[in-house]
Amino acid sequence: MHRDLLLHLPVVVEVARRGGFAAAAAALNLSASAVSHAVRAVEERLGEPLFARTTRSVALTEAGERFIAAVAPALEDIGRAAESLADRRGELAGVLRLNAPRLAAPMALAPVLAELARRHPRLVVELHSNDAFVDIVAAGFDAGVRLGVALQQDMVGVRLTPPFRAVMAASPAYLAARGTPRTPDELGAHNCIGFRQLASGRLYEWELNLGGRTVAVPTQGTAVVTDASVARELALAGVGIAYLFEPLVAADVQAGRLQQVLPETALAEDGLFLYFPQRAALAPKLRAFVDVARELAGAAGLTAPP
């Protein structure tokens, strides 16, 4: 195989993953012209166009899809082999790319990343915060974090947090001024901090546990957010009632800054899980992350599945 082809393959794969030349150039720290040159060199060598280009978009051709499907896993295997050699020398390095919802950092990832940085100072962890469900393989991530354990058949799941509840909370000042709801029906008379789902654009309906049944309750209010941490800040400021995962407000409730509303309706959630393809489990950088996560889970009295 011509050595120029091998040299340019990672660039071509990155363009496919990012869906564009500019995004790939930014990710690889290359100029747009260098990326364009790499793609053109590969296409000329293969004698096939890999991308259909317009002034507004870049998409894989049918030949490009077949080529990337074959090449991308091979490049990942080469990268893992190189990392394994470095790992045997005790020099774990490289970039670990994770995709996770924004709430995962304060709830689970921050202590893992801190310990990982202490043990492996040459390892770079690139955390992409995204509340929408992402195909981590197609997007080029090593692993993802999601709520619940339901995973595709070829994925491995590792528990990051114990199960927790989704609760409603408000400041004492708000409840003193507006009263405390005694039933879910009374939520309609309150200023509820709404949550807009970025993926669908829909306003999230609060899910409550009513006698063992999960019921979706529509709410309304003067504030709608797309970030749970903002909802918490607004609740602390006395704006209204927020719907949040309990670990995010546990310290506030304990300190009296917030009070739970209708705690008997709190809905149980499975917790947060790290997930990744089975074939990626041997990568030293991912194994190091999993080892630290399991150690911290064990120290907290949480049993993590293999």
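The values are calculated or read from the model by the stated rules, or taken from the named source; none is laboratory data. Every value quoted in this text rests on a predicted model; they were computed, and no experiment measured them. With ideal geometry, Cβ positions are generated from the backbone for all residues, glycine too; neighbour counts draw on all protein chains shown.
Name the one entry in F273, F245 that is touching a Gly at 6+ places or on another chain (Cβ under 9 Å) and aromatic (F, W, Y).
F273
So G144 fits all but one of (1) among the small types (G, A, S); (2) part of a strand (DSSP E or B); (3) surrounded by fewer than 17 Cβ atoms within 10 Å (Cβ to Cβ); what number is the exception?
So the condition that G144 fails would be (3).
With the checklist (1) outside the structural domain of V249 (by TED's automatic domain parsing); (2) polar (S, T, N, Q); (3) at pLDDT 95 or above in hand, flag the one item Q152 doesn't pass.
Here Q152 clears every test but (3).
Does R257 satisfy the criteria of being more than 21 Å from P163 (Cβ to Cβ), in contact (Cβ under 8 Å) with a residue 60 or more places away in the chain and either of a type outside the set (S, T, Y) or part of a helix (DSSP H, G or I) (or both)?
yes
As an exercise: evaluate V124 against (1) in contact with a strand residue (DSSP E or B) (Cβ under 7 Å, 6 or more places away or on another chain); (2) modelled with pLDDT of 95 or more and give the number of the one condition it does not meet.
Of (1) in contact with a strand residue (DSSP E or B) (Cβ under 7 Å, 6 or more places away or on another chain); (2) modelled with pLDDT of 95 or more, only one is false for V124: (2).
Tell me the residue from L286, L262, L282 that is in the same structural domain as F141 (by TED's automatic domain parsing), among the aliphatic types (A, V, I, L, M), touching a residue at least 12 places away in the same chain (Cβ under 8 Å) and surrounded by 18 or more Cβ atoms within 10 Å (Cβ to Cβ), please.
Exactly one residue qualifies, and that residue is L286.
I'm trying to understand the selection: among the residues of segment 117-137, which are small (G, A, S) and exposed (fewer than 11 other Cβ atoms within 10 Å of the Cβ)?
Scanning segment 117-137 gives a single hit, A132.
Among the residues of segment 72-116, how many are of a type in the set (G, A, S), surrounded by 13 or more Cβ atoms within 10 Å (Cβ to Cβ) and either within 28 Å of F195 (Cα to Cα) or at pLDDT 90 or above (or both)?
Looking only at that region, the number is 4.
Taking the stated definitions as given, is A32 of a type in the set (G, A, S) and either surrounded by 15 or more Cβ atoms within 10 Å (Cβ to Cβ) or in contact with a strand residue (DSSP E or B) (Cβ under 6 Å, 6 or more places away or on another chain) (or both)?
So A32 does not fit the description; no.
If I filter segment 200-211 for residues that are surrounded by fewer than 17 Cβ atoms within 10 Å (Cβ to Cβ), under 30 Å from A143 (Cα atoms) and touching a Leu at 6+ places or on another chain (Cβ under 8 Å), do I get at least one hit?
yes
Within segment 254-281, work out how many residues are within 21 Å of the chain's Cα centre (by Cα) and of a type outside the set (K, R).
Summing the residues that are within 21 Å of the chain's Cα centre (by Cα) and of a type outside the set (K, R) in segment 254-281 gives 13.
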